[in-house]
Number of protein chains: 2
Amino acid sequence: MSASDLDLFRRRLAGLVDPGVLDDDDAVRVRHAAAVWSCLTEPGDAVAGAAIAALGADEALDLALRPPASADERWRDGLRRWMPRLGGADDAFDAARRIGARLVTPCDPSWPHALDDLGAHTPHALWVRGDAGALRSGSAIALVGARAATTYGEHVAADLAAGLASSGVTVVSGGAYGIDAMAHRASLTTGGRTVAILAGGVDRFYPAGNANLLGRIVDEVGAVVAEVPCGTTPTKWRFLQRNRLIAAAAAATVVVEAGWRSGSLNTAGHAAALGRPLGAVPGPVTSAASAGCHRLFREYDARCITSAGDARELAGIGASPATANTEGGRVDDRTRMLDALSARVTRTVSQAARRAGLDPDHAAALVALLELEGLARRVDDGWRLIGSGARV
Amino acid sequence: MSASDLDLFRRRLAGLVDPGVLDDDDAVRVRHAAAVWSCLTEPGDAVAGAAIAALGADEALDLALRPPASADERWRDGLRRWMPRLGGADDAFDAARRIGARLVTPCDPSWPHALDDLGAHTPHALWVRGDAGALRSGSAIALVGARAATTYGEHVAADLAAGLASSGVTVVSGGAYGIDAMAHRASLTTGGRTVAILAGGVDRFYPAGNANLLGRIVDEVGAVVAEVPCGTTPTKWRFLQRNRLIAAAAAATVVVEAGWRSGSLNTAGHAAALGRPLGAVPGPVTSAASAGCHRLFREYDARCITSAGDARELAGIGASPATANTEGGRVDDRTRMLDALSARVTRTVSQAARRAGLDPDHAAALVALLELEGLARRVDDGWRLIGSGARV
């Protein structure tokens, strides 16, 4: 690699990385290579991912730029996919610099190592606007759901996001209309951190109707993130691949509202495949907008999430609430004795014992306890309940 | 046992059992004993249950009427509970006969052997109005829920009950207001079989506001059933014990709507304890009336029930529907190629391949397939999508 190559790399990285990085040739090389790989491949390209995991981004890139005659068929297939895009890298670096985006690669301190669980599908780099370390700060929970959300779904999304964000949890979502937008918005409203992971480049906020919201995330607290470089349009493939990043970046994924075929079920599938805890919010069975959530209960054994506390518990954040007693455990002979007494009619102990089906001596002991508790009083030669009887 | 004892037993059983039974001394003795036990004990009396299971109802009753000097403390405790009620048995038989009820004991052909799973808590006898064999005919599913039901809960209860009853499933419930009443009513409306299991005697329909409904069950198709004899009032204890019968009588229990402390959670607990499949219907997390159902998902791993088909599947009745494909599996290189083409702009294969990140040769093959599928057409030296592009 020549000095002029390194000069080019430094020019490309200027403004995108910490200034100190530019003083270190090796650091420049590996970051530049990671960024170039993000320009060459479609998200989730396992051939590139395996080479980078084995050799590092810079050696793998050398192998792509100067392939040996011994390169195998998979690598040569890869080159035919990747090389036509090489000329576009310059524009991607320039566009990122213009909008003040940052480049975060696996060797940077702010890299979210949760993404490494994706193995050969780990992104080569992230392009980030806002807080470059947002995905490293504290715990993150993904709240996702349908664009075609109902008022109910948006209400619950806002409630969960506000509860999570205000307790220091980073709310990760996809920046889409509906549930995603409400999750981001409610996080911002509470001053909490939120991260939108996009399917296209961070230079062009998608959907356009959420541009203001995404801009607020960048300006206030959190980040807008993509693995694809600036200038990349969102496509169906890229949305599906983006979903794996949402699932991997968060400690748990909660689907708030989703139709039977909602794309957010794909995010849920990624979370399950990664072994990340998966939750879903129930809704009316009469609402098609909740059918996907109910499907997750059945097909993915998703946990039922009804509050921010449930979501934190799902993700293993904070203490789990004490398990409440079940109704059955609270019923005993005392209850049977309460049943057998009346506030209106005086009954002797033996009458009450017969009604309760209890031994009269035991019944006498119980009624004495009830008297001590202020629940029964003696009247003539019998007993009555005081105040609210325990009758069903 | 004297001839005059047998005469008494026959008089008591007359009209309550099949006439043929009265010709057989042993059959008379055991049925009479079972009925008397139901008069002596509170539901779920395990001491009586164990003795009856070990000796049979008639020998166990002999042991109660003529206890040996060697009887242990538990038995003597039992006698103190049971014997004060002995004098009430005559009235119970008379009342049952007056209202046309039938006595069903474990030795009768119409006994629902599902109840035997209750072990020492198996009821000694059932007092039945309507079809004495209703709990033996076909499969049964319990639909239970809160008295304080919402419009939503009642709607779902009606929908599930109608779907089950019209497919030949017996709908079991507790005859209460709210979910129970709607489950019974919808079953009757479709001409299906439904069984109400009461906490008090079948001579007095409880609650009074459901007397017409319970009367319709008796007159049309199904039964009203209790383990306690006529003249017994419903108490909190008896409601909780009655719940174990609902859970045991049905192949599966579905809680349709229940608050956080609803009594129907007790039925669910019995179903779980019996190893019976347990389901719950989700509802809005904003509805307190569904909080108990959501609790069942979390604490009892209840299955999410959204339709009568789900409930049948839960109970193992009928075939399970084919598992639908997940969204993720449907996306492939073809989708990426569709993403890369446009209906408005003509693109060459190499342009489209670059956009899709695919090998140009592979892209050429894919576009040819899309042409065959009628999704793409050649324009000049490039390609366009026809009609609805597959863009997200």
Checked the range B:21-33 for anything open to solvent by 50 Å² or more (accessible area, probe 1.4 Å) and assigned to a helix (DSSP H, G or I); matches are B:D23, B:D25, B:D26, B:R29
Considering the range B:60-75, residues that are of a type in the set (A, V, I, L, M) and closer than 20 Å to B:S38 by Cβ, and then whichever is surrounded by the fewest Cβ atoms within 10 Å (Cβ to Cβ), we arrive at B:L65
With respect to A:V172, determine if the residue is open to solvent by less than 10 Å² (accessible area, probe 1.4 Å) and under 15 Å from the mean Cα position of the chain (by Cα).
yes
Considering A:A258, A:A252, A:A268, which residue is farther than 20 Å from A:E154 by Cβ, touching a helix residue (DSSP H, G or I) at 6+ places or on another chain (Cβ under 9 Å), crowded, with 23+ Cβ neighbours inside 10 Å and in contact (Cβ under 8 Å) with a residue 24 or more places away in the chain?
A:A252
Return the residues of the range B:353-384 that are farther than 16 Å from A:M83 by Cβ and assigned to a helix (DSSP H, G or I); say none if nothing qualifies.
B:A364, B:A365, B:L366, B:V367, B:A368, B:L369, B:L370, B:E371, B:L372
Among the numbered criteria (1) buried (at least 24 other Cβ atoms within 10 Å of the Cβ); (2) hydrophobic (A, V, I, L, M, F, W, C); (3) more than 20 Å from B:T335 (Cβ to Cβ), which one does A:L188 miss?
(1)
Those residues that are touching a residue at least 40 places away in the same chain (Cβ under 8 Å), over 20 Å from the mean Cα position of the chain (by Cα) and either assigned to a helix (DSSP H, G or I) or within 9 Å of chain A (Cβ to nearest Cβ) (or both), I need them from the range B:228-248; list them, please.
B:W237
Does A:D45 count as surrounded by 14 or more Cβ atoms within 10 Å (Cβ to Cβ) and at pLDDT below 95?
yes
Assess whether A:A247 counts as being touching a Lys or Arg at 6+ places or on another chain (Cβ under 9 Å), under 20 Å from A:D310 (Cα atoms) and not acidic (D, E).
yes
Quick check on my filter: what residues within the range A:330-377 are in contact (Cβ under 8 Å) with a residue 40 or more places away in the chain and open to solvent by less than 70 Å² (accessible area, probe 1.4 Å)?
A:T335, A:L338, A:D339, A:L341, A:S342, A:A343
Can you report the number of residues in the range B:132-148 which are more than 17 Å from B:I305 (Cα to Cα) and either over 11 Å from the mean Cα position of the chain (by Cα) or part of a strand (DSSP E or B) (or both)?
9
Within the range A:271-296, can you find the residues that are part of a helix (DSSP H, G or I) and either under 17 Å from A:D116 (Cβ atoms) or open to solvent by 10 Å² or more (accessible area, probe 1.4 Å) (or both)?
A:A271, A:A272, A:A273, A:A288, A:A289, A:A291, A:R295
Can you tell me which residue is farthest from the other protein chains (Cβ to nearest Cβ) among those in the range B:72-126 that are farther than 22 Å from B:R11 by Cβ and assigned to a loop (DSSP other than H, G, I, E, B)?
B:P109
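The values are calculated or read from the model by the stated rules, or taken from the named source; none is laboratory data. A quick note: this is a predicted structure, and the numbers were derived from the prediction, not measured. Here Cβ is always computed from backbone atoms with ideal geometry, including for glycine, and neighbour counts include all displayed protein chains. Surface accessibility is based on the protein's heavy atoms, side chains included, excluding ligands, DNA and RNA. Shrake-Rupley method; radii C 1.70, N 1.55, O 1.52, S 1.80 Å.
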